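What follows is a short report on a single structure.
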Amino acid sequence: MTKWAFVDYENMGSLVGLELDGCERVFVFCGPHNHQLKTDPKWSGELTLIKLKSKGDNNLDFHLTLYLGLHHKTADPSTEFLVVSQDQGFDGMLKHLKKMGRVCRRVAKQHSPKTVKRKGTQDLSETALLIIEFLSRVESKSWPARKPKSLNQIKSLLRFSHPDLDPEPVFAELIETGIVQEKDARLVWNEKKIQLAAGPQLVTAA
């Protein structure tokens, strides 16, 4: 069966390790602050980036749902649609789409090891690596300047995959590995280490 995937990139945080084997087409929806997307070199399907120009509550979700409806009208009826997101809010819409005859489901699982080794870095936990990959995709001027803001960012980014996460150990790991230093209550990020830890597989989101 042919499969097409619709990826909620803001929710998943990375394209690496997603269950997209055999997908003929992959549509990636990202926000205005995502300038580089980390991809998986094992993919052989067609990758389409849909970069939104504005932000707002559920803005990306609405766009992804719109594209699902448009492609439902044109894709072969046998094509299975995968919504790649940990947001359960898509489930009701997918249930309705199934009633309309489309084979579809939500995929949330990522095949990522608990500890990852990257060139030029110490071993990194899965949660720390997700934060580093996010930082590598946005402009450095938007990186948190103080610890409380960084803790809030960690909690927000991992709220779906790790809803009960304490952000303090993740922040401590970033300090311990030299990703960031705290000087006079301000954070100084090591851009070189962030790029090394994030890895080389990047696609520019125009």
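Coordinate-derived values only; no laboratory data. The structure presented is a predicted model; accordingly, all values stated were derived computationally and were not measured. Quick reminder, even Gly has a Cβ in these numbers, built from the backbone with ideal geometry, and neighbours come from all protein chains shown.
Annotations
- Residue-span extension gain [Asn58 to Asp91] - 0.36 nm each, minus C-alpha spacing: 10.4 nm
- Furthest towards positive pole of dipole, Thr74, Gly56, Val7, structure part the range 3-107, Cβ charges: Thr74
- Pairs over the 28 Å Cα-Cα cut-off, from the set Lys149/Lys193; Lys51/Lys155; Lys147/Lys193; Lys73/Lys95; Lys51/Lys183: Lys51/Lys183.
- Treating r as the C-beta distance of Lys73 and Asp184 and R0 as 45 Å, the FRET efficiency rounds to 0.20.
- Förster radius 35 Å - calculated FRET efficiency between Met100 and Glu139 (Cβ-Cβ, nearest 0.05): 0.30
- Note on the range 115-200: Kirkwood radius taken over Cα pairs, Stokes-Einstein applied at 37 °C and 0.692 mPa s, translational D equal to 255 µm² s⁻¹.
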